[in-house]
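Read the structure below first, then the notes.
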Amino acid sequence: MKENLSNIEKKALRKKTHSLKPVVMIGQHGLTDAVLAEIDVALNAHELIKVRIRGVDKNKRTEQCAQIERQLNAEVLHQIGGITVLYRPEPIPS
């Protein structure tokens, strides 16, 4: 289950993303199952990633980000232009 981050926590996480490059690109075919799987793998490995979304308008990008949040239990920390920053904390081991 996704926990709500405070604004201070979000700001600290956004600072960490300045030097990151996008690790997943969403292109003309949109948000496919393969792209979702790749985002899931990247979030499992890194917790904090950048995703580049190309070829669609702002409303469609917002819809795609909402779909990623719902399906992968991630949080969109920041979205500017075609770059989206996603965060999902590592699960705590049992």
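Derivation of every value follows stated rules applied to the coordinates shown; laboratory data play no part. Computed from a prediction, not measured in an experiment: that's the story for all the values here. Positions of Cβ are generated from backbone atoms using ideal geometry, with glycine treated the same way; all protein chains shown enter the neighbour counts.
Of note:
- Nitroxide proxy distance, nm - points 7 Å out along Cα→Cβ at residue 90 and residue 36: 2.6
- Taking other C-beta atoms within 10 angstrom as a stand-in for reagent exposure, 17, 84 fall in the order 17, 84, fewest first.
- For a modelled paramagnetic label at residue 67, 7 Å from Cα along Cα-to-Cβ, the residues of region 4-38 in reach, with backbone nitrogen under 15 Å, are 25-38.
- Over 21 Å (Cα to Cα) - which of 15/50; 15/60; 11/58; 11/60 fall in this group: 15/60; 11/58; 11/60
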